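Okay, so here's the structure we're looking at.
The values are calculated or read from the model by the stated rules, or taken from the named source; none is laboratory data. Just so you know, these numbers come straight off a predicted model, no measurement behind them. Glycine also receives a Cβ, built like all others from the backbone with ideal geometry; neighbour counts cover every protein chain displayed. The area values use the complete protein model at the heavy-atom level, side chains included, leaving out ligands, DNA and RNA. Shrake-Rupley method; radii C 1.70, N 1.55, O 1.52, S 1.80 Å.
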Amino acid sequence: MEQPSGSPVRVCQFSPDSTCLVSGAADGTVVLWNAQSYKLYRCGSVKDGSLVACAFSPDGNLFVTGSSCGDLTVWDDKMRCLHSEKAHDLGITCCDFSSQPVSDGEQGLQYFRLASCGQDCQIKIWVVSFTHILGFELKYKSTLSGHCAPVLACAFSHNGQMLVSGSVDKSVIVYDTNTENILHTLTQHTRYVTTCAFAPNILLLATGSMDKTVNIWQFDLETPCQARSTEDEAKQFPEDWSEDDVSVWLCAQGLNDLVGIFKMNNIDGRELLNLTKESLADDLKIESLGLRSKVLRKIEELRTEVKTLSSGIPDEFLCPITRELMKDPVIASDGYSYEKEAMENWISKKKRTSPMTNLVLPSVVLTPNRTLKMAISRWLETHQK
């Protein structure tokens with residue numbers, strides 16, 4: 001099954017009954033396939049941007065696509081465009097339907113909750129209804145606060161009672177969908193949180209991050225749901241870490257064997273950032289040269305993050321290769337943005353692999369990221385004043 005336009009496919013999604021499959025591409029084309037015959041059924045396109053998100057309603061009567069330009073577009077199962085509107089200024093990153101309907105007490109109609117998130121650091125809740133008699137309706141309901149950087153992922157729990165989100169600010173937030181209050185703020189990841197998912201039948205949550213880890217969270221039904229305090233949130237800054245936070249960080253880096261040594265020497269966040277090759281060898285008695293080198297590399301990465309946080313430059317504005325503010329950002333075929341010159345040098349000197357995922361790049365074509373460039377320009381104007 002090849003995308004008719006020949007453009008790289010960015011997203012795909014099965015319908016709830018598995019009879020249809022939607023694929024969305026970098027050029028904005030969207031295709032509805034017959035998932036049993038593997039034949040193209042209908043195709044269409046959005047006005048601007050790449051398609052980066054897609055979700056079917058639980059009843060399969062419609063699906064929603066999100067674009068890198070921020071448009072939320074609703075289609076019916078015949079590929080007719082029912083509605084399109086600007087949902088997130090700097091681009092949509094993810095969207096998800098709650099599987100549980102919400103009843104309207106007045107007319108007895110059922111609606112579905114839809115969540116969308118984007119580069120504008122916001123999560124928006126929408127209410128969607130579609131009947132052949134009354135037609136289609138999409139209503140904006142509310143905006144959930146809590147993140148201070150672009151939100152990359154969102155997902156409803158299977159029972160529709162919770163919504164989870166992951167962000168460039170390295171945090172995971174769990175919301176109560178009825179009250180829209182924050183239930184939990186989880187700050188154990190040390191890099192962008194890129195994906196999150198609830199288990200269907202048990203109260204487990206999985207979160208994945210650019211720190212190369214997947215965290216599994218178990219909900220305790222007997223413990224009252226409480227939001228993490230401001231003091232706990234501050235611990236996302238490494239210099240404020242406790243000894244236990246350092247232990248969590250060591251485990252996330254695959255350095256579990258060093259937890260005991262670090263605890264024995266009372267290494268907290270501030271001490272961690274001040275470690276040198278001499279102190280690792282002489283004070284902590286780490287004999288293996290390879291292990292010392294690995295620890296130093298990880299600490300240097302942490303120091304770079306601290307400098308970024310101190311400078312106040314949003315992490316998404318920094319090139320992953322140079323760690324400097326981007327002037328001419330481009331999107332590579334791995335979906336990530338880089339400084340154009342740095343990525344061109346990377347491609348010319350290295351193998352055709354992604355600097356972020358280490359996987360082979362399907363294409364070496366670099367597309368200007370005008371949305372990100374405008375966001376950086378706006379940020380510069382504000383901070384230069």
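Seen through its C-alpha gyration tensor, with square-root eigenvalues sorted a ≥ b ≥ c, segment 315-384 comes out prolate because a/c lies at 1.5 or above while a/b is bigger than b/c. Out of Ser98, Ser57, Ser354, any idea which swings most in a Gaussian network model of the chain, alpha carbons joined below 10 Å? Its mean-square fluctuation being the largest, the pick is Ser354.
Among the trypsin sites (Lys or Arg not before Pro) in segment 252-299, those located in a DSSP loop and surrounded by at most 15 other Cβ atoms within 10 Å of their own Cβ are Lys285.
Of Ser288, Ser171, Ser142, the residue with the greatest mean-square motion in the GNM of the chain, using alpha carbon springs below 10 Å, is Ser288.
Taking 24 Å as the limit for the C-alpha separation, the pairs Lys277/Lys327; Lys124/Lys327; Lys124/Lys340; Lys294/Lys340; Lys327/Lys349 exceed it in the case of Lys277/Lys327; Lys124/Lys327; Lys124/Lys340; Lys294/Lys340. Per residue, the accessible area of the chain comes to 52 Å², computed with a 1.4 Å probe over protein heavy atoms only. Our helix-only sum for the chain, with -39,500 (n - 2.57) per DSSP H run of n ≥ 4 divided by its residues, gives a mean residue ellipticity at 222 nm of -6000 deg cm²/dmol. In segment 1-151 the Cα-Cα distances spread across 5 Å bins starting at 0 as 2, 10, 19, 22, 20, 14, 8, 3, 1, 0 percent of all pairs. Averaging the sequence gap over all C-alpha pairs within less than 8 Å and six or more residues apart, then dividing by the number of residues, gives segment 9-218 a relative contact order of 10 percent. Can you give me the P(r) profile for the chain? Cα pairs, bins 20 angstrom wide beginning at 0, each as a whole percent. Going from the shortest bin to the longest, the percentages are 25, 54, 19, 1. Of the solvent-accessible surface of segment 1-47, computed with a 1.4 Å probe and all protein chains present, 51% belongs to carbon and sulfur. The trypsin sites (Lys or Arg not before Pro) of segment 1-68 that DSSP puts in a loop, and whose beta carbon has at most 15 other beta carbons within 10 Å, are Lys47. With a 1.4 Å probe and every protein chain kept in, tell me what percent of the accessible surface of segment 168-211 is carbon plus sulfur. Carbon and sulfur atoms account for 53 percent of the accessible area of segment 168-211. For segment 45-148, GluC sites (Glu not before Pro) meeting the loop criterion (DSSP other than H, G, I, E, B) and having at most 11 other Cβ atoms within 10 Å: Glu106.
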